[in-house]
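The values are calculated or read from the model by the stated rules, or taken from the named source; none is laboratory data. Being a predicted model, the structure only gives us computed values, none of them experimental. All Cβ positions, even for glycine, are placed from backbone atoms using ideal geometry, and neighbour counts span all protein chains on display. To get the accessible areas, we keep the full protein, side chains included, count just its heavy atoms, and leave off ligands, DNA and RNA. Shrake-Rupley method; radii C 1.70, N 1.55, O 1.52, S 1.80 Å.
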Amino acid sequence: MSRATRLPSSLLRSAAVTGVAALTLTACGSGSGSGSSSSGSGSVKVGLITKTDTNPFFVKMKEGAEKAAKENGAQLSTAAGKFDGDNAGQVTAIENMVAAGVKGILITPSDSKAIVPAIQKARAKGVLVIALDTPTDPESAVDALFATDNLKAGQLIGEYAKAAMKGKNAKIAALDLAPGVSVGVQRHNGFLKGFGATDKDVVCAQDTGGDQAKGQTAMENCLQKAPDINVVYTINEPAALGAYTALKAKGREKDVLIVSVDGGCTGTQAVKDGKIAATSQQYPLKMAAEGVKAVVTYAEDGKKASGYTDTGVTLITDEAQAGVTSKDTAYGLENCWG
C-alpha cells in the first residue's frame, strides 16, 4: 500500500476551500518506494478515485491499481471520499489530479450524474477518464467503462434461486441498495429476470444501502410484513449477512434461501458456511489493473480505450443446480477479495 504524501500548497488550499479535508491523496511511483508524488521523469501519471478507502472492494481495487502501476512503470495517485456519496470530494480529486498532470483518471462515481461536469472538464484537457465498477449517467460521459455486468450478476443468482426452489411457490423479499443507483437497479432487475419474476412478485422490498445492520433491520421489517418469505435477494453480502442474522433470530435461517452479489472473502466464506446459498463473484482487482494498462497505452501511442469492458462474474455455491453454471467455494475463496 502506498503512503500518504505531502500535497503541494496550492492543492491544500483548494481542498480547504472546498471543505473536503477528509479526502486522502496518495502516490505510488514505480521503483521509488518512498510514496513521493514523483517517480522520475517520463513516467505516466495515473489517478484512481474510489468512493471510499475503507470498503474492502475499493481496498482491493487500489491494490490492483498499485500492482499494475509498478508493473507498467507508471506513477499512481489515489483519492477517496470521506463517505459513499461524497461527490464534492471526487470533484476536487479530479481537479487536483488534472492539475498534477495525470494522463488518465480511473473513477468509481459516487454520484453517477453529478460527477459528469467535472469529468467533461478533465476530458476536454486531454485526460482519459475510465469509470470502474459503476457507470456514469450517461455512460458516454467517460471514455470507457470497466465493470462487472451487474445485470448478469443478478440474473445468475435469480436463475440459481429459481432452480433451487424446485417448483415451490416463492415469496420473495428484495433487500436493495438505494433508489436510482445504477448498480442496484441492474442487480435487482437481473435477479427478477433470472427468476422469471416481476416486481409484483416481490412481497417486500427494502433499501439497505448495502449495510449489514440496515440489512438486518430490513429483513426484520419484511418478516413482520410477510412472515412466509422463503427467498431473499440481497444487493451485496453485508446485506445478506444482516438478513441471515434476522432470520436466525426467528429460527428461519434453515428454510429461507438467501442469494447475493460481490464475492468478497467474508461473503464467500458465508456461502461455504451455509449462511448464503449462492453469490455472484466480481473482480475489482482486474478492473483497476486493466484501467491502469489502458492509461499507459494511451500515453504511449494515443490509443484510447472505449466502450464497455466486462471484467467477469462467476456464480459461487456449494449446492450446484442443474442447468445453472457455477463454481464451488474452493474456487471462490481462491479468487475472493477483501
- Residue check, ILE276 against (1) buried (at least 23 other Cβ atoms within 10 Å of the Cβ); (2) touching a strand residue (DSSP E or B) at 6+ places or on another chain (Cβ under 6 Å); (3) not in a loop (DSSP other than H, G, I, E, B), all met but one. Which one? (3)
- Is it the case that the stretch 190-204 has a residue that's closer than 15 Å to ASN236 by Cβ and open to solvent by 10 Å² or more (accessible area, probe 1.4 Å)? no
- Message: For GLY101, only one of the following conditions fails: (1) of a type outside the set (Ser, Thr, Tyr); (2) in contact with a helix residue (DSSP H, G or I) (Cβ under 6 Å, 6 or more places away or on another chain); (3) not in a helix (DSSP H, G or I). What is its number?
- Response: (2)
- Message: Checking the structure you have, find out if any residue of the stretch 125-135 is open to solvent by 20 Å² or more (accessible area, probe 1.4 Å) and more than 21 Å from TYR244 (Cβ to Cβ).
- Response: yes
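In the stretch 69-90, how many are surrounded by fewer than 23 Cβ atoms within 10 Å (Cβ to Cβ), touching a residue at least 24 places away in the same chain (Cβ under 8 Å) and at negative phi?
Residues in the stretch 69-90 being surrounded by fewer than 23 Cβ atoms within 10 Å (Cβ to Cβ), touching a residue at least 24 places away in the same chain (Cβ under 8 Å) and at negative phi: 8 in total.
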- Those residues that are in a loop (DSSP other than H, G, I, E, B) and hydroxyl-bearing (Ser, Thr, Tyr), I need them from the stretch 303-338; list them, please. SER306, THR311, THR317, THR325, SER326
- Mind checking which pairs have a first residue in the stretch 274-299 that is without any contact (Cβ under 8 Å) to a residue 40 or more places away in the chain and a second that is open to solvent by 10 Å² or more (accessible area, probe 1.4 Å) and among the small types (Gly, Ala, Ser), Cβ under 9 Å, 6 or more apart or different chains? THR297/ALA305
- Item | Scan of the stretch 257-272 for residues that are within 13 Å of ALA174 (Cα to Cα) and either of a type in the set (Val, Ile, Thr) or surrounded by 24 or more Cβ atoms within 10 Å (Cβ to Cβ) (or both), ordered by number | ILE258, VAL259, SER260, VAL261
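For the structure I just gave you, tell me whether VAL261 is in the same structural domain as GLN206 (by the TED database), out of contact with any Ser or Thr (no Cβ under 8 Å at 6 or more places or on another chain) and assigned to a strand (DSSP E or B).
So VAL261 fails the test.
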